[in-house]
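Read-outs throughout are calculated quantities, based only on the coordinates presented, and are distinct from any laboratory measurement. Keep in mind that what you see is a predicted model, and the values were worked out from it rather than measured. Note: ideal-geometry Cβ built from the backbone for every residue, glycine included; neighbour counts use all protein chains shown.
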There are 2 protein chains.
Amino acid sequence: MPDTHAPHPAAAVSESRLWDRLMEMARIGAIPGAREGEWGVNRPCLSPEDRQARRLLIGWAEAIGLAVSIDRLGNLFLRHEGSDPTLAPVLTGSHMDSQPKGGRFDGIYGVIAALEAVQALREAGLSTRRPIEIVAWTNEEGGRFAPGCMGSMAYSGFAPPDTWDDIRDSAGIRWADALAQHLAEEADLPRRPLGVVEGVAPFAYLEAHIEQGPVLERQGIEIGAVTGIQGSRWFSVEILGRSDHAGTCPLSLRQDALQDAIRAITALNALMQDPTDVLRFTVGRMEVFPNASNSVADLVRFSIDFRHPDDRVLQARGNAIEGVIQAALKSCDYRLEERFHARPATFDAGIIATIEGAATALGLSHMRLPSGAFHDAQFLVPICPTGMIFIPCRGGISHNPAEYAEPAHCANGARVLAQALAELAAR
Amino acid sequence: MPDTHAPHPAAAVSESRLWDRLMEMARIGAIPGAREGEWGVNRPCLSPEDRQARRLLIGWAEAIGLAVSIDRLGNLFLRHEGSDPTLAPVLTGSHMDSQPKGGRFDGIYGVIAALEAVQALREAGLSTRRPIEIVAWTNEEGGRFAPGCMGSMAYSGFAPPDTWDDIRDSAGIRWADALAQHLAEEADLPRRPLGVVEGVAPFAYLEAHIEQGPVLERQGIEIGAVTGIQGSRWFSVEILGRSDHAGTCPLSLRQDALQDAIRAITALNALMQDPTDVLRFTVGRMEVFPNASNSVADLVRFSIDFRHPDDRVLQARGNAIEGVIQAALKSCDYRLEERFHARPATFDAGIIATIEGAATALGLSHMRLPSGAFHDAQFLVPICPTGMIFIPCRGGISHNPAEYAEPAHCANGARVLAQALAELAAR
């Protein structure tokens, strides 16, 4: 039971305000869904829609007195001041960009729930000892510029901030150019140092998110206290062939990049066999050149997304990828690049206990579970006590316009977050 | 030996003028090649580059007194008047559009060689009984809008002129809209009836082209008298899956459109086995949606280009495609559409003999050979005596910036064409 003498931070959380903001935000980059009243979101990182969404968030934050700033990766911060402004802040948030055919909750829920939690603290008249900062990380999804989590990786010092400068989106635009343009358009916002690289580490990091899997819904549990995140390795592959005329060139003489890409992926499917169905192996992106029906392909690019919670599997299978591709090719050459490699992450036991305590105090059912998906929280683990709060989502469906979370579940997550933030910021 | 009493039409063919025009034309839509001094062409059908190329051709034609007109498919005609303008004309030409990574000779050679041949006839002071019309067919390649040969198919009545109205290019532009825009921009050119549908059949059709295969070069032969064209069937396939999060959705629960597309193509490879290496099977175009590295693909589109000179093989294997795809899919649905079906075509024995006679008269080595590639000439076969003249190309390479034909070989083809046109137009 919560202490009845202290102001109750979760009591001021408004389910309808939270929901209305989620739906208003989801109009930015809206794309049609399959069912009546359902829609999704296409809000690529650093796109006009991304900027419009950030401005909407900033408007809400300024209206309740939060201080806005951005760093040189475009990470956006909204600060609730503490009674001792010199203390390291409690950090909470998520991301605002979406997959090309994304949903209305992935990422943005964690940002708007954080705003709701902080607004509830303020409305409850609760002053906190430590500052609380809400963050919207730049490019978590990696849908436009791979890999994802560039903002949090740079913030935490996981990778130098110029690591991705020459990466291009499918229109050929360089990451560095897109970021420079974005920063120019947000030049009116105060600039802040970049995370632990140029500033100080946060006191703790908490991220609320939809589960993006079916576990909580199937078990009828309201809150997930996340134990950690499986490891991920991302690769990009180029298969280099020779273009020929589809009508004249005998098959035996071809260097058909598409056929060799198919051989490579078929061989990788065999490498990635897992009877326990824990391993995740996805080829989600493929581009064919010149991509004409009567020309043999001279170049195929494809992505590999490989994840596993066991570091031994992640290392051994991941390290076999190049050899398997090399052996599978019949007539083409290849280039392989590992774009991203994150080992499995384990969240802080104290943060997990804080989340469980908050849920218990609010009378919400809860369970521990690992995250199948990848999150910015992963990169905060090395620099501060870190944890995540999951809420159920319908059918476990995500990265899809059919993604959906109940308004009551969304509010529950914000209440647990408010409670946990109040506790952490009091320390 | 040519009749020394008649003007010699081939004598006025200028190798340097023909070559200079080819190279000037190849500057429009030029793309880099792999070697010094070598370049290719990207001149999509109905693009600004296509229009620029047509204007360049029209300028050359008007300068020597040819009459310009276009029909409602955008097919462009340049007419050399006959002494009896009421007679059916001899038609000759090819196309001006290119593959996305095309060469400097495919198609455009047949148009510029025709202009050179007609200019040579005029400069030799040879008046012809029949008119000669040079044609540049619209959209032979099918690289931007599939299938190709729309202009010649509509001209010959093979398909109604509105057949392809709703076909879209990869930017989503409808064929009918692109064509309407093109016709609006060429509204200054006199309009003519559409081929045999609205007008009369030509007396004969002759098309000069690079071989796009290695036979003439390997055998050291200067002129190919083409016997016919293999049959083609083009299909487009859609594999319909469900998008899911690459990190959370177990592989066993996925409907991964990319993986099922790979299963389908692998099964088609088995169907298309041919130890004699005569069969041509190409998947040259593939598009993946949403095409993000961490989203399971919910839609994959790919093309099938299948060709064979034996109609029994073309029918039996082509008719098996749908069943083989259906059987190969594990979890997705599919849609299959046959975009194009052309049976093997046999050229006119009299035209073949005329080409051989012209080559012999000019002292050029020649041989009969079939065409592995597809040409507009195919659709003229049912409506008039039709034939093709091949010249050698380096390494048999085509649909590639490395495509190359010797200036002397180009001139040989124009000389044979001039001689054959003079003979046919005298009948």
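How far is B:N269 from itself in the other copies, in nm, if each label sits 7 Å out from Cα along the Cα-Cβ line, shortest first?
1.1
Can you tell me the length gained on complete extension of the stretch A:A187 to A:S14, counting 0.36 nm per residue apart and subtracting the Cα distance?
Computed gain between A:A187 and A:S14 is 59.0 nm.
Compute the angle between helix A:108-123 and the longest alpha-carbon principal axis of chain A, please, reported from 0 to 90 degrees and rounded to the nearest 10.
10
Size of the dipole of the protein assembly as shown about the Cα centre, Lys and Arg at +1 and Asp and Glu at -1 on the beta carbon, nothing else charged, in debye to 20?
Dipole size: approximately 520 debye.
When DSSP assigns beta bridges and you keep just the ones with both residues in chain B, what percent turn out antiparallel, to the nearest 5?
70
Quick check on chain A: helices-only [θ] at 222 nm, where DSSP H runs of length 4 and up contribute -39,500 (n - 2.57) each and the sum goes over total residues. Nearest 500, please.
Result for chain A: -10000 deg cm²/dmol, rounded to the nearest 500.
To make sure I understand the rule: partners must be lysines, Cα under 25 Å from the Cα of B:K330, and not fewer than 8 residues away in the same chain. Which ones qualify?
A:K101
Which ordering of A:S98, A:S127, B:S303 is given by a fewest-first count of other beta-carbon atoms within 10 Å?
A:S127, B:S303, A:S98
Can you give me the distance in nm between label points at A:D177 and B:Q52, each placed 7 Å from the Cα along the Cα-to-Cβ direction?
Each label point lies 7 Å from its Cα, and together they span 2.0 nm.
In debye to the nearest 20, how big a dipole does the stretch B:232-342 give about its Cα centre with +1 on each Lys and Arg Cβ and -1 on each Asp and Glu Cβ?
40
Could you check the spin-label model distance between B:A426 and A:A270? Points 7 Å from the Cα along Cα→Cβ, value in nm.
Going by the 7 Å Cα→Cβ label model, 6.7 nm.
Can you sort B:M367, B:M388 so the residue with the fewest Cβ neighbours within 10 Å comes first?
Least crowded to most crowded, the residues run B:M367, B:M388.
In chain A, which residue puts its Cβ closest to the axis that turns chain A onto chain B, and how many whole Å away is it?
It is A:I262, 3, counting Cβ atoms only.
Enter the angle in degrees (range 0 to 90, nearest 10) between the Cα long axis of helix B:15-25 and the first principal axis of the Cα atoms of chain B, meaning the one along which they spread out most.
40
Using only the alpha-carbon atoms, how far is helix A:407-426 inclined from the longest principal axis of chain A? Give it as 0 to 90 degrees, nearest 10.
Its long axis makes an angle of about 70 degrees.
Can you pull a Stokes-Einstein diffusion coefficient for chain B at 10 °C (1.306 mPa s), Rh from Kirkwood over Cα pairs, as a whole number of µm²/s?
D, rounded to a whole number, is 71 µm²/s.
For a footprinting-style exposure proxy, rank B:L56, B:L91, A:L179 by other Cβ within 10 Å, fewest first.
With the sparsest Cβ surroundings first, the list reads B:L56, A:L179, B:L91.
From the label point of B:G172, set 7 Å from Cα along Cα→Cβ, how far away are the matching label points in the other copies, in nm, ordered shortest to longest?
2.1
Need one number: % antiparallel among DSSP beta bridges in the protein assembly as shown, to the nearest 5.
So the antiparallel bridges amount to about 70 percent of the total.
Between B:A349 and A:T360, how many nm apart are label points set 7 Å from Cα along the C-beta direction?
9.8
Could you tell me whether the stretch B:232-342 comes out rounded, prolate or oblate from its Cα gyration tensor? Rule is a ≥ b ≥ c as square roots of the eigenvalues, rounded for a/c under 1.5, then prolate if a/b exceeds b/c, otherwise oblate.
Because a/c hits 1.5 or more and a/b exceeds b/c, the stretch B:232-342 counts as prolate.
State the Cα centre-to-centre distance between the stretch A:241-259 and the stretch A:355-391 in whole Å.
So the two Cα centres are separated by 52 Å.
Write out the trypsin sites (Lys or Arg not before Pro) in the stretch A:117-220 meeting two conditions: DSSP loop, and at most 15 other Cβ atoms within 10 Å of their Cβ.
Those satisfying the criteria are A:R129.
Say the dipole of the stretch B:273-367 comes from +1 at the beta carbon of Lys and Arg and -1 at that of Asp and Glu; which of B:G363, B:F289, B:L314 then lies farthest toward its positive end?
Result: B:F289.
With a ≥ b ≥ c taken as the square roots of the eigenvalues of the C-alpha gyration tensor of the stretch A:1-151, please select rounded if a/c is under 1.5 and otherwise prolate if a/b is larger than b/c or oblate if it is not?
oblate
Under the rule a/c < 1.5 gives rounded, and otherwise a/b versus b/c splits prolate from oblate, where does the stretch A:85-220 land using the Cα gyration tensor?
Oblate.
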